[in-house]
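Contents: one structure, followed by commentary.
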Amino acid sequence: MPEQEVVAVRESDHSSLQADIDTNHHLRVGGCDAVELTKSYGTPLIVYDEERLRRTIRAFHEVFQRERVEYQISYASKAFCTMAMCQLVYEEGCGIDVVSGGELYTALASGVPAHAIHMHGNNKTPDELEYAVRENIGAIIIDNFYELSLLQDIAAARGRNVDVLIRVAPGVEAHTHEFIATGGQDSKFGFDLSSGQAGEALRQLSRAENLRCVGLHSHIGSQIFDAEGFVVAVERLADLYHFGAIELKLPFRVLNVGGGFGIQYTDEDAPPVSETISAIVATAKEVFGRKEIPLPTLWIEPGRSIAGPAGVTLYQVGSQKRVPGIRNYLAIDGGMTDNPRLALYGAKYHAVYANRADATPEDAWSVAGKCCESGDMIIWDAPLPNPQAGDILAVFATGAYNYSMASHYNRIPKPAVVFARNGKAELVVQRETWADLVRRDMPLRGK
Ligand SMILES: *Cc1c(COP(=O)(O)O)cnc(C)c1O
């Protein structure tokens, strides 16, 4: 079983699997002893290395500043949307992307000003659009013709002018898992570029009195490692940008290339996101220069690449089962309710025991959740030391699309979340209780 992994990954900072190990062999996150954290806050527990969250965002800023271009980093809050996280990313100079009324509510409740918030979604409800217009958020990214006319009507009824972008499906295949790929032509998202839908949307917007179309957006997928998809998307969008800005004279100033920057979960060879951003900036400079159009403000929308690597989930190990000649299972006190990503699309993870983080793997152990579903698995065949009940399993790179996708299946309460920094931990989401689970239940006939 590979034992080199824990050591090798310590070397590069952009790795998701940095294992900071104390002299007492305990895993440390944000300078805090992970085992002590579970004693204080219980398990399952999601711990974010707060300094790492901030460092990642600062590295993104540095790329744009080095390139001397106008830019905006808008955190895709769906990756992990809580008030503390919204506060943190705004403090670090990011805008916030939301895709629902609930995410918008969270961002506003955290004190982020409305102008820094942008709303996405392929089926924003009339109520959600009303809410966004009422709060006067920074921009709404229009996904389809239905939304275009609905939003025009809502804005007109309120006598408001709304800044919008259109989401374009540029027909680019991002190199990623097919179930999380978007932006190809066969996608539920956005106006199709090649069939002329996107151009038609811009024509309609040039006549929509209450909508100011300030630019174009595309999001070509998720967990992307290769900058080539972004490069092709920028090239295609530049033609449409030219059409909108020059022929239709729309007040264009933004080119938003979305998010999707890949991170390391296990053995992927993940280039630093800064390299991908540099490639996008270089392409945009070159293509817009060639067309003699001033370079628009470049927006990116990272979600996973900010939140993912900084999060670790801590579980207590309970039961075990060896199926002779077939597989070994160990079970944890969480599962698909706090991390459905393996069940949804076969996600892979790296794990260690936080209480003996540098112990040598002895066998392959598949990590099972406690839900009544055979598919409730977190890792298949992880190289681990043989487990003992009470071991604390630490699963790395669980900061994105874990808590935000958590469910109450089997009436399992959602875990607590802490931010750890300089050896101090701060509770940012309380653990749910069983009482929380029945709070909205109504007894039959009021009894
Ligand atoms: C999900 C999403 C993102 C963020 O994707 P990541 O893979 O988390 O970086 C950005 N923009 C849009 C429109 C999205 O839907």
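Points to keep in mind about this one:
- Options SER374, SER305, SER366; residue that is out of contact with any strand residue (DSSP E or B) (no Cβ under 7 Å at 6 or more places or on another chain) and hydroxyl-bearing (Ser, Thr, Tyr): SER374
- For the stretch 16-48, the set of residues classified as at pLDDT 95 or above and under 22 Å from the mean Cα position of the chain (by Cα) consists of VAL29, GLY30, PRO44, LEU45, ILE46, VAL47, TYR48, listed by residue number.
- Test: residue in the stretch 83-94 that is touching a Gly at 6+ places or on another chain (Cβ under 8 Å) and farther than 15 Å from LEU108 by Cβ: no
- Residue within the stretch 63-75 that is surrounded by 19 or more Cβ atoms within 10 Å (Cβ to Cβ), touching a Cys at 6+ places or on another chain (Cβ under 9 Å) and in a loop (DSSP other than H, G, I, E, B) present: no
- LEU344 falls short on exactly one of the conditions (1) more than 16 Å from the ligand (Cβ to nearest atom); (2) within 18 Å of the chain's Cα centre (by Cα); (3) outside the structural domain of GLY221 (by TED's automatic domain parsing), and that condition is (1).
- Some residue of the stretch 285-295 being at pLDDT 95 or above and under 25 Å from the mean Cα position of the chain (by Cα): no
- Counted as qualifying within the stretch 385-447 are the strands (runs of 3 or more DSSP E) with 3 or more residues that are out of contact with any Lys or Arg (no Cβ under 9 Å at 6 or more places or on another chain) and closer than 28 Å to ASN328 by Cβ, namely 392-396.
- Checked against the criterion of being within 16 Å of the ligand (Cβ to nearest atom) and hydroxyl-bearing (Ser, Thr, Tyr), the candidates SER319, SER305 yield just one match: SER305.
- Among helices (runs of 4 or more DSSP H) entirely within the stretch 238-353, having at least 1 residues that are surrounded by fewer than 23 Cβ atoms within 10 Å (Cβ to Cβ) and touching a Leu at 6+ places or on another chain (Cβ under 8 Å) singles out 273-290.
- The one condition in (1) more than 14 Å from the ligand (Cβ to nearest atom); (2) touching a residue at least 40 places away in the same chain (Cβ under 8 Å); (3) not aromatic (Phe, Trp, Tyr) that ARG167 fails to fulfil: (1)
The values are calculated or read from the model by the stated rules, or taken from the named source; none is laboratory data. Please read all numbers here as calculations on a predicted model, not as lab measurements. Reconstructed Cβ throughout: ideal geometry from the backbone, glycine too, with neighbour counts over all protein chains shown.
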